[in-house]
1. If you build the Cα gyration tensor of region 162-254 and take the root of 5 times each eigenvalue, what three semi-axes come out, in whole angstrom, biggest first?
2. With each pseudo-label sitting 7 Å past Cα toward Cβ, what's the residue 16-residue 206 distance in nm, one decimal?
3. Note the per residue figure in Å³ for the convex hull of the C-alpha positions in region 228-436.
4. So between residue 344 and residue 233, what do we pick up on full extension, going 0.36 nm a residue minus the alpha carbon distance?
5. Could you calculate the FRET efficiency of residue 141 with residue 71 from 1/(1 + (r/R0)^6), where r is the beta carbon distance between them and R0 is 30 Å, rounded to 0.05?
6. Can you give me the Kirkwood hydrodynamic radius for region 206-352, using every pair of distinct Cα atoms, in Å to one decimal?
7. Which order do the peptides 244-255, 6-17 come out in when sorted by mean C-beta neighbours inside 10 angstrom, highest first?
8. Where does each of 80, 283 land when they are ranked from fewest to most other beta-carbon atoms within 10 angstrom?
């Protein structure tokens, strides 16, 4: 296959009304080219190449639809078009736009969790389509994605005086959302980038693109939020300033205080399960009585109640490791027995087998449960945390209790215990203090560490000083400071010991 680039303009011959031709005339024929063709800046460059012959065996020539300001730009586009043809990219698919492709990509994502599908759809509808939807998929560049992220960072209660067209389109798409004027954070940009990268990665596998341009976009290095333990000092700071933390966990004492305060709440057993065993919110709300084994003291996590947009649906646990058996302490088993005996919907003869449900036995709203927890925390006067932070706190309390990290990871349903250690566990003051004492205790000492008596040199190391000794000491000291060779330094240990005594 071969191609070529040539210059073209839209001027017309005033005599015939036809557009000027591009090719040079043959011998004896009049020149029908534009008389201004050699004027600098007049016209634009076009690329054309020979495509593989069709099923009818006829020759096919493809002209790229875009125009280029320079011949170099046209040649680059021609090279990319030829590369795509060699890689088997269908010529008809080169006209597909980003909006059309992402629509088909969303429709093909049938094996993902419903909540993930809703998240993908929201990102595509309010960011990708308004910002990049008009661009042809084959023309998408990393600079376009950079411009999208720059526009997203400008969203806020007030917009720039002269917002870019991309920012105006995104703002219009977000207008009907409750958080339409809220400034997106770095986590949102990372989600948008991950969605675009996943979609373009599939386009590469389908040979619609030669490469995934989203991989060339550089994002600022992100950090996972630091987990703050509500120590006494942190609580005093919170009472003084009201400062909250994105991820915070209670100490065992504060956890116990909350469970005592919520003892008479209808969902006291729910709070206990999450605080002690680290269940996810949806896993706890999806628990059914057939999943509870009172004899063995275990519960089986098999399903979860999840929020997908405005809908509440049943789903599987978050990961394949989420399906697990969780062992319970005897106090929690007794609390579950008492909770089962007091359920109103079972007394009314309902066939629902939910451990936690409404009076009619219907599933609870997960978002409403989170809000209810926060209200209980405020009424108890405890430092604020999220409901999901109770799960983080369960890992931290397990670490304080000496539970092995592997056991804790399986209890939480994580794939690796390294993830549990990095993201879910925090070190309380008691654990850190015990670790410091353990390190100090393992080192043998002849003199107690708390001894404050001045250091004295051994009796044999004390020798009478003289001018000769002082001159030798000064010479050795200068050699040490200057980095003299090892063979030059004195081998006399008595002088060395004397010097050490004098320097100390």
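Where a number appears in this text, it was derived from the coordinates with a stated rule and is not lab data. These numbers were taken from a predicted model, which means no experiment stands behind them. Note that we place each Cβ from the backbone using ideal geometry, even for glycine, and neighbour counts take in every protein chain shown.
1. On the way: eigenvalues 304, 88, 25 Å².
Values for region 162-254, descending: 39, 21, 11 Å.
2. 4.4
3. Details: hull volume 27.2 nm³, N = 209.
Here the figure is 130 Å³ per residue.
4. Details: separation 111, 0.36 × 111 = 39.96 nm, distance 4.34 nm.
Difference between extended and current length: 35.6 nm.
5. Details: r = 20 Å, r/R0 = 0.66.
Given R0 = 30 Å and the Cβ-Cβ separation, E is 0.95.
6. Values: mean 1/r = 0.0523 Å⁻¹.
One decimal place: 19.1 Å for the Kirkwood radius.
7. Numbers: 244-255: 18.6, 6-17: 12.1.
Listed from highest to lowest mean packing, they are 244-255, 6-17.
8. Details: 80 15, 283 27.
Placing the least packed residue first, the sequence is 80, 283.
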